[in-house]
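S.K.: The structure follows.
Please treat every number below as a calculation from the coordinates, not as lab data. Given the structure is predicted, the values throughout are model-derived calculations rather than measurements. Heads up, the Cβs are rebuilt from the backbone with ideal geometry, glycines too, and the neighbour counts pull from every protein chain shown.
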Amino acid sequence: IFYLIYFESSKSSHIRKKQQEVVGFLEANKIDFKELDIAGDEDNRRWMRENVPGEKKPQNGIPLPPQIFNEEQYCGDFDSFFSAKEENIIYSFLGLAPPPGSKVSLVPHWANMIVAYHILRDSFP
């Protein structure tokens with residue numbers, strides 16, 4: 001099961017929009033998930049802080065939602081989710097096999113690696 005870390009009472013429309021996009025994708029693709037609200041639950045907040053890798057935390061040390069986990073395996077934040085969706089590697093990002101008949105399943109695994117290589121290569125001088 002996937003865990004989506006979110007703010008139930010976020011006043012930021014930017015954060016709410018990101019959360020809604022992740023939820024919409026998971027629901028549309030019938031991917032089971034559980035929402036963990038960090039606004040009103042200290043245990044959820046602590047779990048998120050402990051399980052988001054250090055290199056993925058901002059300078060203040062507190063990552064903003066949404067954060068996505070496959071069980072206890074960290075998948076990424078919204079920006080990583082969005083990039084994976086745009087690059088058509090979302091199922092790999094989530095640690096899932098693509099559904100039968102999807103465009104992703106028609107692309108050999110090595111092709112995704114080549115795309116990732118070019119994206120990374122072009123991102124750094």
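S.K.: Which of the residues spanning region 16-37 are closer than 13 Å to residue 1 by Cα and in contact with a strand residue (DSSP E or B) (Cβ under 9 Å, 6 or more places away or on another chain)?
M.R.: Of everything in region 16-37, those that are closer than 13 Å to residue 1 by Cα and in contact with a strand residue (DSSP E or B) (Cβ under 9 Å, 6 or more places away or on another chain) turn out to be 26, 27, 31, 32, 33, 34, 35, 36.
S.K.: Between a first residue in region 1-29 that is under 21 Å from residue 52 (Cα atoms) and a second residue that is of a type in the set (Lys, Arg), which pairs have beta carbons less than 6 Å apart while being 6 or more apart in sequence or on different chains?
M.R.: Filtered contacts from region 1-29: 1/34; 3/34; 10/16.
S.K.: Still on this model: Which residues, counting only those in region 10-34, are closer than 22 Å to residue 94 by Cβ, over 13 Å from the mean Cα position of the chain (by Cα) and not in a loop (DSSP other than H, G, I, E, B)?
M.R.: Of everything in region 10-34, those that are closer than 22 Å to residue 94 by Cβ, over 13 Å from the mean Cα position of the chain (by Cα) and not in a loop (DSSP other than H, G, I, E, B) turn out to be 15, 16, 17, 27, 28, 34.
S.K.: Could you grab me the full set of residues in region 30-48 that are free of Cβ contacts under 8 Å to residues at least 24 places away in the same chain and surrounded by 15 or more Cβ atoms within 10 Å (Cβ to Cβ)?
M.R.: Within region 30-48, 45, 47 qualify.
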